[in-house]
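The values are calculated or read from the model by the stated rules, or taken from the named source; none is laboratory data. These numbers come from a predicted model, not from an experiment. Glycine gets a Cβ as well: all are built from the backbone with ideal geometry, and neighbour counts include every protein chain shown. Quick note on the areas: whole protein, heavy atoms, side chains included, nothing else; ligands and nucleic acids left out. Shrake-Rupley method; radii C 1.70, N 1.55, O 1.52, S 1.80 Å.
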Amino acid sequence: MNDEILLNGRWELLEEPLESQADRAGVVSAISEGWMTAAVPGDVRQALIAEQYIEEPLTGMNSFDQHWIEDRSWWFRKVFNVPREFRQSDAVELELHGLDCMASIFLNGKHLGDHPSAFRPFVAEVKNDLVDTPNVLLIRLTSGAESVRMDQADELGGVVVTEMLRGDMHRGDRRRVYLRKPQFSWGWDWSPRAATVAIGGDVRLRAIRRAVIREVKVEPFRVNRRIELSISMLAQWMDCWNGGQASVRVLVTDPDGKPAGEDRVDAWLTSGYNRIDVSIPVPNARLWWPLGMGAQDRYTIRVELHHEQELVDASEFPYGIRFIELRRPDPFMFCVNGKCMFCRGANWVPPDAIYARASDEKYQRLIAEAAAANFNMLRVWGGGRYEPDVFYETCERNGILLWHDFMFACAPYPDDRESFCNEVALEADYQTRRLANRACMGLWCGGNELHACMDGRWGGKPTSRGCVVMNEILPQAVTRNCPGVPYWPSSPYGGGDFWDSPEGDVHYWKWSMNPDVNQRIVPELYNECNSRFVSEFGHMGPCCQETTHKYLASAAMDKNSETWRHHSNTFEQATLDAGIAREYRDTAGMSAEDYLYYGGLFQGLMLSYSLETLRAKPSCSGALFWMFNDAWGEIGWSVIDYYLSRKIGWYFVRRAFAPCRLILRPHEDSISLTMVNDTASAAVGLLEVGYVSLDGRQREARTYRMTCRAYSRRRLSDIARQGDGANGVWFARMVDEDMEPAVMRAGPFRNLKAEAPNLSVQVNPSGSGRFIATVSTDRFAHAVTLQLPQAACAEDNYFDLLPGSRKNVMITSPNHITADDITLRTPIQ
C-alpha cells in the first residue's frame, strides 16, 4: 500500500535580505544561528509574533510597522528522516501546497525547481535525492512584489483597483495582477496591507509502489428514472518498461453505511496513465439538497487498486448526488435536482488577513453560523483564495451551495503573456479537478468585477487583457473537469449595466456606495431594484464592544482617533452617523457604546429591508450581500466579526432569510403582503393582517386562511393604508404557526410617537445547557435586545414585538440562566 509522511508542524525560519537569492541556498542552509521556530502551514508573521519581533499585525496601528516584511527573503527549513522502505519504493513525490510566493525549493542541496503560485501545489519526484541521514528541505519565499516592475500594470490598460484611488496610499498594490496569490493581501477596503509570505498548505512525501490513483471523478446520470454513477479512475503504472495486471474494485455505500453498489474490473495497465471507467446504478438514490430544501445525504465512494492480490492504493471520499442547472440569462436562476431555488446568502472572504493561520475550527464555526442564519449559498469572492478542504467539507455538511469565483478580482490581467496563461491553465486545471466531486459546487465564475476594470468605465483605456482567461482558459477547465457545474464569465455579467440590469447578475451598489450620503441610508430605495440576481450589495455596521476593544488594543474607544479610523472601512465615510441620525437619534455627544449599538441596528435594518425586498420580487432569484465574515476587526460590511462574534446585523439577516417569511412592502397607495416559502412543504395557516396602534388599543385587522405552495412565493393580498403611521404599524402574522410576524412602519423609527414598552422575561430550562426565555410586552417594542451573561448566546435577538405579544427565544449557555441574568433593552430606553 502506498504510504505518505506529513511534514507539517515545526519548521525553522530565517530572515535574509531580499538580495539573498536562490543561488545562496548552500550558504543559508549552513547558517547555524538566527533561525526561528515556525509552524507549517503558517505565515512568517506567526513566527515573528511568537518570537516577539512584531506585535499582532491586525490590532491597533501595528500593520503599518510591518511593511518591511515584504522587502525581505524568508527561508523555511525542515530537517527530517524517512523510513528506509520509502527509498525502496518505485517513486517518492514531494508535494508542497500554498507556496506564497515565488518559491525556490531545495532538497539536500539540490535545486528541485521554482514555483510562482500559491494556488496549485509544487510536485517533484525525489526518490534519488533522499538520504539515510537526516534530510534537509529548504524553501525560499518572498511576497513576490519584487518580481514585478511598478510600471507593468500601466501596460495592461483599464484600471487595477486599489484603495489608493480613494486616497488610502497604504492599501493596494497594482503589481498584484502579475502574482498568483491572494489579491487582497496587499490591502482592500475591508483589510489592511499585510502582504503574505507563507507555506499555506500541507507538505507531504508520498511513497509509490507499482501504481498510484491520480484521480477519481464521479458524475451522476439519470437513466430510465433511476440514477447511475459514472466513476472514472485515472491510475499511473510506475514501471517505465513493462505493463502489469491489476484489478479495480469500486464500492458505493449509502448515507446509512449500507452497501449501495459495487463493481470490479480487471485491467492490464500500461506504463504511465490509464483510465478505467465503471457505471454503478444506485437504487432509490438519496439526493443532496441545499439547506431547507431537503437532507444533505452523502454516499461514500471507495476505489481500490490491486496488483497480485495486494492492495496497492485506495481513494475514499463522501459524495453527494445532486444535479445543478443555471437558467440564464432571463431568468438567472439556480435549480437543484429539478427544483428552482432562491439563493439566500452572502459573499465569503478569507477569515484572516494572515490566511494561513485560520484554523479548521474557525472555518467550521463560520459555516455553522451561516447555516444558523438560514443561508443556502455563499459566494467565494475572487480576490481571496481557493479555500482548504475543511471549508468545502463543512459547506457540504451544512447544505451551503457555492458560487465560486476563480481568483481574479477588480483588474485586467496580463493574458497576453504566454507564461501567465500557462500558469493560469495549470491552476484552473488543478482546482477544477480538486473540487469536481464536491456537491456544494454550484457555479464556477471567472472572477470579480473584471469587465468594469477592462472596459474603461472605471478609468484607463479600454482593454481586452483578461478575456483569454475569462472566455477561454477557465471555461475549458470547467468543461473538461466538472461538466456538471455551470460556468459564468465574471460577476457582474449579463447586461449592459452591471450595477442595475434586469439581465444576468448585478452588483447593486447603486445606493450603498452612492456619493450622496442621504441616498445611502434609505432602505425603501431598494423597492426600485428590478435585477434578476443580486450577487453583491451591502451595508456597514460596527462590532460589539468586546470585539472593538480587542482590535483597538490599547487605544481608547474614540471615534475621532487615528486607530478608530484605521479600523473603519474606507467606504464608510460618515454613513453610520447619517443612518443613525435618520433612524434613531443624533450622534453628537453619543457615547462610543451607544454608537456601536445604534450603528448595529442601522446595519440590521438596511440589510433586512433590502434582503426581504429582493425575496418578495417575483423576478429576483438570489440575494447575496457583501459580506458574511471579516479578515480583521473593523467597522465594516460583515455580520460575523473577525473574532467570531455575531454582529447585531446577523440577527436581522437570519430573520430576513427565514425559509418561510411574510413580507410587507409599500405598493402605490396600498401595502402588499407577500409570502415566500423556500421549503419542500406547503405553508398553510390562519393569517391576521392589518394595522395596530403602538399601545395596542386600536386594531383594524382581518383574518383568513392562506396557502403558499412549496418552493414558491405568493402575493397574498393588498392592505389599505388605514391608520395613523406616526402612532402605529402595519403587520401580518400567522395565528396558528410559530412564524416571525411582518411589521412595516411608515418611516424611520424616530418619527414614531413611541413610548418605552413594559417588557418582562421568564426563563425555563429546556435540556442541558438550553433555556427558553419568554419575552412579553404591553405595547409595540422595536429591536428588543436581550443582554446576556458572557458565553450565553440567543438564537434570536433585536426583534420587534407587536402590542400585547410574546416571543420565545432559545438561549444556550454553559451556566444556569435565570430571568435576573437577562437585561432587556430597546432603542428608546
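The table below lists the values:
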| quantity | calculated |
| --- | --- |
| Partner aspartates and glutamates for residue 510 [C-alpha distance under 12 Å; skip if fewer than 8 residues away on the same chain] | 497, 500, 528, 536 |
| Charge dipole (debye, nearest 20) of the chain; +1 at Cβ of Lys and Arg, -1 at Cβ of Asp and Glu | 2240 |
| Cβ-Cβ FRET estimate between residue 472 and residue 67, R0 fixed at 30 Å, reported to 0.05 | 0.20 |
| For the range 79-140: relative contact order, % (alpha-carbon pairs under 8 angstrom, 6 or more apart) | 44 |
| Neighbour-limited loop hits for GluC sites (Glu not before Pro), the range 675-750 (at most 14 other Cβ within 10 Å; DSSP other than H, G, I, E, B) | 737 |
| Alpha-carbon centroids, the range 5-79 and the range 666-693: separation in whole Å | 59 |
| Whether the range 190-284 is rounded, prolate or oblate, judged on the alpha carbon gyration tensor where a/c under 1.5 counts as rounded | oblate |
| Value of relative contact order over the range 7-104, rounded to a whole percent, pairs C-alpha under 8 Å and six or more apart | 38 |
| Residue-normalised accessible area of the chain, expressed per residue, 1.4 Å probe, Å² | 38 |
| Among 622, 2, 31 - extreme Cα towards positive end, dipole of the chain, charges at beta-carbon | 622 |
| The range 167-228: C-alpha gyration tensor shape, a/c 1.5 cut-off, then a/b vs b/c | oblate |
| Global geometry of the range 630-748, whether rounded, prolate or oblate, following the gyration tensor of its Cα atoms and the 1.5 cut on a/c | oblate |
| DSSP-assigned coil residues among trypsin sites (Lys or Arg not before Pro) in the range 111-149, each with at most 15 further Cβ atoms within 10 Å | 149 |
| The chain - percent relative contact order, Cα under 8 Å, separation 6 or more | 9 |
| Subset of 461/617; 217/647; 647/753; 217/339; 217/258 violating a 30 Å alpha-carbon distance limit | 461/617; 217/647 |
| Calculated from backbone phi, Karplus (6.51, -1.76, 1.60) coupling profile of the range 141-156 in Hz, x at Gly/Pro | 10, 9, 5, x, 5, 5, 7, 10, 6, 4, 8, 5, 4, 5, 6, 7 |
| Top positive-direction residue, dipole computed over the chain with Cβ charges, set 477, 126, 803 | 803 |
| Whole-Hz ³J(HN,Hα) from phi, Karplus 6.51 cos²θ - 1.76 cosθ + 1.60, for the range 31-36, glycine and proline x | 5, 9, 10, x, 7, 9 |
| Expected 222 nm ellipticity per residue - DSSP helices of 4 or more, -39500 (n - 2.57), all of the chain, to 500 | -4500 deg cm²/dmol |
| Karplus-derived 3J(HN,Hα), 6.51/-1.76/1.60, for each residue of the range 41-51, Hz, glycine and proline x | x, x, 9, 4, 5, 4, 5, 5, 5, 4, 8 |
| Accessible surface of the chain [probe 1.4 Å, protein heavy atoms]: carbon and sulfur percent | 45 |
